[in-house]
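Written below as structure tokens is the structure these notes are about.
The values are calculated or read from the model by the stated rules, or taken from the named source; none is laboratory data. It should be emphasised that the depicted structure is a prediction, and the values quoted were computed from it without experimental measurement. Here Cβ is always computed from backbone atoms with ideal geometry, including for glycine, and neighbour counts include all displayed protein chains. All accessible areas refer to the heavy atoms of the entire protein, side chains included, with ligands and DNA or RNA removed. Shrake-Rupley method; radii C 1.70, N 1.55, O 1.52, S 1.80 Å.
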Amino acid sequence: MTIQHNIPLQPLNTFGIHAEAANLITINIEDQLAEVGAMPQPKHIIGGGSNILLTTNPGGLVLLNRLKGIEQIQEDDSYIYLRVASGEVWHHLVMHTVQQGLGGIENLALIPGTVGASPMQNIGAYGVEVKDTIQSVTFWHWADAKMHTYTAADCQFGYRESIFKHQLKDQVYITSVVYKLSKHPVLNTSYGAIEQELQTMHVTTPTVATVAQAVINIRSSKLPDPAVTGNAGSFFKNPTIPIAQYETLKAQHPTIPSYPVTPDTVKVPAGWLIEQCGWKGYRRGNCGVHPKQALVLVNYGAALGTDIWQLSTDILRSVQEKFGIELEREVNVW
Ligand SMILES: Cc1cc2nc3c(=O)[nH]c(=O)nc-3n(C[C@H](O)[C@H](O)[C@H](O)COP(=O)(O)OP(=O)(O)OC[C@H]3O[C@@H](n4cnc5c(N)ncnc54)[C@H](O)[C@@H]3O)c2cc1C
């Protein structure tokens, strides 16, 4: 197995942060994992690098996930089940399913990254979360040197959450995911501007393919392209707060938006809170807050990971002071 040394990570993370991996191994086949697992160094997995902030040069072993393959393993009257290797590019999988007319993940088109990271944080967009199509997740556990398969229920999915971000954090290498895709898609076009975009596209009878295209069009016009401006998508999660706290805040800030979560809690858009604190479009040296989307922190060129970390800390503090709400970072900080 080849270990590469002193490898620049700038092309391997969408923030475009300059850092170096002392040791990097590209994982192409699952059989490598037993040998890698026997090495004592700490292990850091990179898929598409679209949800990490590098604040330091990662020591130990950086494992670049390039496991490939899409395989149909089962079919019944309603569903097709695909086992997908974790190093497949997520958007390629979406387009693969859409081309076959299969429903379930069309609203998640154009999310950067790999299949293996999709269950990590239960990726979601436009009213859909990937957990609803995941049948199972298979992973190599470093500690017992064995493969395990968890059902969706075992994965403890929540909003941008799963067992892989908590109990199993840094302990496993996700090798494949089985998705259950509908042969009779029920389209979800109610969220965001999908309906409006379909009208602009002159689509009267939407299909999974046209919904995916509408999402692609909307995302391309709204979100900064990491190839142009370094970023990792939403930097913070939208906080969920008790209704009582929300009512108090609403008395002071009548325009505060909210979305119901449970009878006792609501979700508040973090982007709105950050914007109200005056951060939208703010620039500090080489980093800043995107001028169109306050939830996205950006690298204008040569920002250090620590610059972005400090900016995020200052944002957290000001939101806490103004609204009494503690934001949480969505991005994985290394
Ligand atoms: C422009 C932009 C838009 C985005 N929009 C969205 C959005 O709409 N919705 C959304 O949910 N996310 C969004 N994201 C965030 C990001 O795309 C997702 O979190 C994506 O799933 C990350 O995949 P990745 O392969 O790049 O993960 P990485 O950044 O490579 O890794 C993320 C974390 O997962 C771990 N990991 C990765 N692969 C494995 C594996 N095989 N086994 C175990 N651990 C692993 C890593 O160690 C790391 O801790 C956006 C990002 C960008 C840049």
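Observations, loosely collected:
- Separation in nanometres of the label points that stand 7 Å from Cα toward Cβ, at THR255 and ASP154: 4.9 nm
- Amide H within-cut-off set for THR114, under 5 Å, with H built and near neighbours excluded: GLY48, TRP90
- Using the Cβ-Cβ distance between ILE70 and VAL228 with R0 set to 35 Å, the FRET efficiency from 1/(1 + (r/R0)^6) comes to roughly 0.75.
- The listed peptides 150-158, 66-74, ordered by packing as a protection proxy, come out as 150-158, 66-74 (highest mean of other Cβ atoms within 10 Å first).
- Taking only the C-alpha atoms of region 4-65, Rg followed by Dmax gives 11.3, 31 Å.
- In the complete set of protein chains, residue-level accessible area for HIS91 is approximately 40 Å², probe 1.4 angstrom.
- Between GLU275 and SER78, the modelled label-to-label distance comes to 3.9 nm, taking each label 7 Å out from Cα in the direction of the beta carbon.
- Put simply, the amide H of LEU64, placed in the peptide plane, has neighbours under 5 Å in ILE25, THR26, ILE27, ILE46, leaving out anything fewer than 5 places away on its chain.
- Debye equation applied to the C-alpha atoms of the chain, log10 I(q)/I(0) at 0.10 Å⁻¹: -0.64
- Cross-link pairs exceeding 27 Å between alpha carbons, from the set LYS169/LYS222; LYS43/LYS68; LYS68/LYS165; LYS146/LYS169; LYS68/LYS183; LYS68/LYS267: LYS169/LYS222; LYS68/LYS267.
- Relative contact order, percent, the chain [alpha-carbon distance under 8 Å, six or more residues apart]: 17 percent
- Length added when fully stretched, GLN100-SER190, from 0.36 nm per residue minus Cα-Cα: 30.1 nm
- Karplus-based coupling profile of region 176-182, in residue order and whole Hz: 7, 10, 9, 9, 10, 10, 7, with θ = phi - 60° in 6.51 cos²θ - 1.76 cosθ + 1.60 and x standing for Gly or Pro.
- Sorted largest first, extent of region 103-226 alpha carbons per principal axis (Å): 55, 34, 20
- From the Kirkwood radius over Cα pairs of region 175-334, Stokes-Einstein at 20 °C and 1.002 mPa s returns a whole-number translational diffusion coefficient of 119 µm²/s.
- Placing a label point 7 Å from the Cα of THR306 along the Cα-to-Cβ direction, none of the residues of region 1-22 has a backbone N under 11 Å of that point.
- Within the same chain, aspartates and glutamates fewer than 8 places from LYS180 are excluded, and of the rest, those with a Cα less than 17 Å from its Cα are GLU71, GLU75, ASP76, ASP77, GLU88, GLU106, GLU129, ASP132, ASP154.
- Virtual spin-label span in nm between ALA22 and VAL333, 7 Å along Cα→Cβ: 2.2 nm
- Distant alpha-carbon pairs in region 30-172 (separation over 20 angstrom), percent: 49 percent
- Placing unit charges on the Cβ atoms only, positive for Lys and Arg and negative for Asp and Glu, gives the chain a dipole magnitude near 700 debye about its Cα centre.
- A prolate overall shape is assigned to region 228-316, the ratio a/c of its alpha-carbon gyration tensor axes (a ≥ b ≥ c) being 1.5 or greater and a/b exceeding b/c.
- Helical content of the chain, expressed as a calculated mean residue ellipticity at 222 nm, amounts to -6500 deg cm²/dmol (DSSP H runs of 4 or more residues, -39,500 (n - 2.57) each, divided by residue number, nearest 500).
- Sorted peptide list for 197-203, 213-219, criterion being average Cβ within 10 angstrom, highest first: 213-219, 197-203
- Centre-to-centre separation between the Cα atoms of region 252-276 and those of region 285-302: 23 Å.
- Shown in residue order for region 296-310 are the 3J(HN,Hα) couplings computed by the Karplus curve 6.51 cos²θ - 1.76 cosθ + 1.60 at θ = phi - 60°: 9, 8, 10, 10, 7, x, 10, 5, 8, x, 5, 5, 5, 4, 5 Hz (x for Gly and Pro).
- A Gaussian network model of the chain, with springs between Cα atoms under 10 Å, assigns the largest mean-square fluctuation among THR207, THR306, THR255 to THR255.
- Sequentially through region 261-276, phi angles give Karplus couplings (6.51, -1.76, 1.60; θ = phi - 60°) of 10, 10, x, 9, 9, 9, 9, 10, x, 4, x, 5, 4, 5, 5, 4 Hz, Gly and Pro residues having no value and appearing as x.
- Remark: the chain carries 46 Å² of accessible area per residue (probe radius 1.4 Å; ligands, DNA and RNA excluded).
- Distant-in-sequence amide contacts of TYR300, defined by a placed amide H-H separation under 5 Å and a gap of 5 or more residues or a different chain, comprise CYS287, GLY288.
- In loop segments of region 263-334 as defined by DSSP, the trypsin sites (Lys or Arg not before Pro) with at most 14 further C-beta atoms inside 10 Å of their C-beta are LYS292.
- Expressed to the nearest 5 percent, the antiparallel share of DSSP beta bridges inside region 4-65 is 35 percent.
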